[in-house]
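A.B. asks: What follows is a single structure, and I will ask about it in a moment.
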Amino acid sequence: DAKTTQPPSMDCAEGRAANLPCNHSTISGNEYVYWYRQIHSQGPQYIIHGLKNNETNEMASLIITEDRKSSTLILPHATLRDTAVYYCIVRVYNQGGKLIFGQGTELSVKP
Amino acid sequence: DVKVTQSSRYLVKRTGEKVFLECVQDMDHENMFWYRQDPGLGLRLIYFSYDVKMKEKGDIPEGYSVSREKKERFSLILESASTNQTSMYLCASSPSGTAISYNEQFFGPGTRLTVL
């Protein structure tokens with residue numbers, strides 16, 4: 001799996017967009033980008049994934065750069081309940097087994 | 001909704017005890033996983049199973065064993081608990097059939113185990 005780099009922490013004002021960056025400069029052509037988050041005292045929760053096109057679902061949007069070396073998870077209107085650690089994971093298309101969670105970004109949404 | 005449940009949220013055991021952590025999922029998923037999570041170390045995979053009675057070692061299997069007698073249940077066993085096994089234990093499951101689905105893992109709430 002390609003290595004990912006994320007800032008350790010970020011703050012965001014409630015109601016504003018939270019933009020969480022992730023660098024994955026060694027990503028290969030068949031690797032997808034996945035985002036999970038973990039709210040305090042809960043198990044991780046899948047958010048979204050993508051290959052090269054931008055993706056959107058009810059939780060978030062994922063923007064992947066054209067060279068695929070980095071991506072940004074966007075929470076369009078952050079709420080206090082979005083305070084969590086956000087993990088960016090890169091995975092080979094046909095690989096099963098474990099997810100490798102790095103240190104993630106601790107997002108604090110403040111009123 | 002997919003539900004992954006773990007037998008206890010908090011558990012306190014003594015050194016040397018045999019400890020059983022149970023995980024049950026109700027979505028007929030083929031794959032199940034046990035991770036532990038420690039501050040500064042992130043999630044680390046202990047064992048996983050892709051079918052009944054099948055198991056594979058993860059990154060840190062030492063001191064642990066697992067059992068998968070039924071598809072919905074995956075048990076983690078600490079044969080002789082030690083203080084360095086104090087941790088948050090997370091169970092997860094995922095469906096099979098497509099490679100993408102391997103990567104959409106559904107996690108339980110976790111069991112915080114303290115070994116004294």
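The values are calculated or read from the model by the stated rules, or taken from the named source; none is laboratory data. This is a predicted model, so every value here is computed, not measured. Neighbour counts run over all protein chains shown; Cβ positions are idealised from the backbone, glycine included. All accessible areas refer to the heavy atoms of the entire protein, side chains included, with ligands and DNA or RNA removed. Shrake-Rupley method; radii C 1.70, N 1.55, O 1.52, S 1.80 Å.
A.B. asks: Which one is nearest to the other protein chains (Cβ to nearest Cβ), of the residues in the range B:25-42 that are among the aliphatic types (A, V, I, L, M) and either open to solvent by 10 Å² or more (accessible area, probe 1.4 Å) or closer than 15 Å to B:A81 by Cβ (or both)?
C.D. replies: Step one: of the range B:25-42, the residues among the aliphatic types (A, V, I, L, M) are B:27, B:32, B:41.
Still in the list and also either open to solvent by 10 Å² or more (accessible area, probe 1.4 Å) or closer than 15 Å to B:A81 by Cβ (or both): B:27, B:41.
Numbers: B:M27: 13, B:L41: 9 Å.
Checking each candidate, the answer is B:L41.
A.B. asks: Quick one: how many residues across the range A:77-87 are open to solvent by less than 30 Å² (accessible area, probe 1.4 Å) and farther than 12 Å from A:P44 by Cα?
C.D. replies: The number of residues fulfilling the criteria is 2.
A.B. asks: For A:T72, are the conditions met, namely being over 27 Å from B:R36 (Cβ atoms), more than 14 Å from the chain's Cα centre (by Cα), open to solvent by less than 70 Å² (accessible area, probe 1.4 Å) and of a type in the set (S, T, N, Q)? Can you show your working first?
C.D. replies: Values: over 27 Å from B:R36 (Cβ atoms): yes; more than 14 Å from the chain's Cα centre (by Cα): no; open to solvent by less than 70 Å² (accessible area, probe 1.4 Å): yes; of a type in the set (S, T, N, Q): yes.
Considered against the rule, which asks whether it is over 27 Å from B:R36 (Cβ atoms), more than 14 Å from the chain's Cα centre (by Cα), open to solvent by less than 70 Å² (accessible area, probe 1.4 Å) and of a type in the set (S, T, N, Q), A:T72 comes out as no.
Every residue, every condition in (1) surrounded by 19 or more Cβ atoms within 10 Å (Cβ to Cβ); (2) assigned to a strand (DSSP E or B); (3) in contact (Cβ under 8 Å) with a residue 12 or more places away in the chain, yes or no:
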position: B:M54; (1), (2), (3): no, no, yes
position: B:E62; (1), (2), (3): no, no, no
position: B:S65; (1), (2), (3): no, yes, yes
position: B:F74; (1), (2), (3): yes, yes, yes
position: B:A81; (1), (2), (3): yes, no, yes
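A.B. asks: Which ones in the range B:1-24 are open to solvent by less than 90 Å² (accessible area, probe 1.4 Å), part of a strand (DSSP E or B) and within 12 Å of another protein chain (Cβ to nearest Cβ)? I'd like the intermediate steps shown before the answer.
C.D. replies: Our first condition is that a residue be open to solvent by less than 90 Å² (accessible area, probe 1.4 Å); within the range B:1-24, this holds for B:2, B:4-8, B:11, B:13, B:15-17, B:19, B:21-24.
Now drop any that are not part of a strand (DSSP E or B), which leaves B:4-6, B:11, B:13, B:19, B:21-24.
The answer is B:V4, B:T5, B:Q6, B:C23.
A.B. asks: Considering only the range A:18-54, state which residues are under 12 Å from the mean Cα position of the chain (by Cα), open to solvent by 50 Å² or more (accessible area, probe 1.4 Å) and not polar (S, T, N, Q).
C.D. replies: Residues satisfying the conditions are A:P21, A:Y46.
A.B. asks: In addition: Of the conditions (1) among the polar types (S, T, N, Q); (2) under 11 Å from the mean Cα position of the chain (by Cα); (3) within 12 Å of another protein chain (Cβ to nearest Cβ), A:Q103 satisfies every one except a single condition; which number is it?
C.D. replies: Of the numbered conditions (1) among the polar types (S, T, N, Q); (2) under 11 Å from the mean Cα position of the chain (by Cα); (3) within 12 Å of another protein chain (Cβ to nearest Cβ), the odd one out for A:Q103 is (2).
A.B. asks: Within the range B:79-95, identify whether any single residue is modelled with pLDDT under 90 and within 14 Å of chain A (Cβ to nearest Cβ), and answer yes or no. I'd like the intermediate steps shown before the answer.
C.D. replies: Taking the range B:79-95 first, the residues modelled with pLDDT under 90 are B:94-95.
Remaining after also requiring within 14 Å of chain A (Cβ to nearest Cβ): B:94-95.
Yes, the range B:79-95 contains a residue that is modelled with pLDDT under 90 and within 14 Å of chain A (Cβ to nearest Cβ).
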